[in-house]
Amino acid sequence: MSRIGKKPVAVPAGVSASIDAGTLSVKGPKGTLSMAMVDDISYGIEDGQIVVAPANESKRARAFWGMHRTLVQNLVTGVTEGFSKTLEINGVGYRANLQGKNLKLQLGYSHDVDFAVPEGIAIATPDQTTVQISGIDKQKVGQIAAEIRRWRKPEPYKGKGIKYRGEFIFRKEGKKK
């Protein structure tokens, strides 16, 4: 039985939630997000809370219960606070800067990498070695961060590459003489 799924999702003031035509929509100060509802899960809005429960006793319903409650929580958090990820760039000559709607990355290749910033995502570069990605959709923010990181993953010998802030890179020893 899901312990996470049992807790209702609180809808704060200034946020409205509605259910219509198989879609759960949440509207708040930062924008609107929606999610397709699954037949195995029942959703309800009561007393300023969104309640998620399994619609039947199938194994699939029990498996989806906690995950869908977390997805609903991510919708509410996204329209109120938003989500952000910070990437750090390590390496001599490695840098990033924002030019209009493109993020220009210099990562030691013979060419610069131009990354087009998608709609709904805000990217900022406070300095040349930091990239901040923010938006209201948690999945989209994480996906964009992963796509940028994929251009130069941190290597284990010198630690050069793009890493998430707070990520620990296990460093290997070099050859011993």
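Here, each number is a calculation from the coordinates, and none is a lab measurement. Keep in mind that what you see is a predicted model, and the values were worked out from it rather than measured. FYI the Cβ positions are ideal-geometry reconstructions off the backbone, even for glycines, and counts take in every protein chain you see.
Could you work out how far helix 138-149 tilts from the main Cα principal axis of the chain, as a 0 to 90 degree angle to the nearest 10?
In the chain, helix 138-149 runs at an angle near 10 degrees to the longest axis.
Could you please tell me the mean projected area of the C-alpha convex hull for segment 1-98, averaged over all directions and given in square nanometres to one decimal?
On the way: hull surface 36.7 nm².
It is 9.2 nm².
Suppose the chain between ILE4 and THR86 were pulled fully straight at 0.36 nm per residue; how much longer would it get relative to their current alpha carbon spacing? Kindly include the intermediate steps, with their values, before the conclusion.
On the way: separation 82, 0.36 × 82 = 29.52 nm, distance 2.75 nm.
Here the segment from ILE4 to THR86 would lengthen by 26.8 nm.
List the GluC sites (Glu not before Pro) within segment 16-95 that fall in a DSSP loop (any state other than H, G, I, E or B) and whose Cβ has at most 10 other Cβ atoms within 10 Å. List each step's numbers first, then the result.
Numbers: sites: GLU46, GLU57, GLU81, GLU88; in loops: GLU57, GLU81.
Answer by residue number: GLU57.
Which of the aspartates and glutamates could a cross-linker span from LYS59 if the Cα-Cα distance has to be under 15 Å and same-chain partners fewer than 8 positions apart are dropped?
Output for LYS59: ASP39, ASP40.
Starting from the Cα of LYS175, draw a straight line to each of the aspartates and glutamates and keep only those under 19 Å, dropping any in the same chain fewer than 8 residues away.
Reachable aspartates and glutamates: GLU155.
Compute the distance from the alpha-carbon center of segment 21-61 to that of segment 111-171, in whole Å.
Cα centres, segment 21-61 to segment 111-171: 31 Å.
Could you give the nm distance between label points at LYS175 and LYS104, where each point is 7 Å from its Cα heading toward the beta carbon?
Each label point lies 7 Å from its Cα, and together they span 3.9 nm.
Name the lysines eligible as straight-distance cross-link partners of LYS101: C-alpha to C-alpha under 23 Å, and not fewer than 8 places from it in the same chain.
LYS30, LYS85, LYS138, LYS140, LYS163
If each of ASP39 and GLN128 carries a label point 7 Å out from its Cα toward its Cβ, how far apart are those two points in nm?
Each label point is offset 7 Å from its Cα along the Cβ direction, giving 5.8 nm.
Rounded if a/c is under 1.5, else prolate if a/b beats b/c, else oblate: with a ≥ b ≥ c from the C-alpha gyration tensor eigenvalues square-rooted, which is segment 7-52? Mind dumping the intermediate values first?
Values: a/c = 2.35, a/b = 1.27, b/c = 1.85.
Judged from the Cα gyration tensor, segment 7-52 comes out oblate (a/c at least 1.5, b/c at or above a/b).
Taking only DSSP H segments of four or more residues, each worth -39500 (n - 2.57), what value at 222 nm results for the chain once the sum is divided by all its residues, to the nearest 500 deg cm²/dmol?
On the way: 3 runs with 38 residues, N = 177.
Taking each H run of at least 4 residues, the total per residue is -7000 deg cm²/dmol.
Across bins of 10 angstrom width beginning at 0, how are the C-alpha pair distances of the chain distributed, in whole percent?
Histogramming the chain at 10 Å steps yields 9, 29, 24, 20, 14, 3, 1 percent.
In degrees from 0 to 90, rounded to the nearest 10, what is the angle of the helix 59-80 Cα long axis to the longest principal axis of the chain?
70 degrees
I want to check the label-to-label distance for LYS27 and TRP151. Put each point 7 Å from Cα in the C-beta direction and report it in nm to one decimal.
3.8 nm
Name the long-range amide H neighbours of SER42: under 5 Å, sequence gap of 5 or more, or other chain; modelled H, no Pro or chain starts.
Here ALA53, ALA55 satisfy the definition.
Enter the mean projected area of the convex hull around the alpha-carbon atoms of segment 112-177, in nm², rounded to one decimal.
The directionally averaged projection comes out at 5.9 nm².
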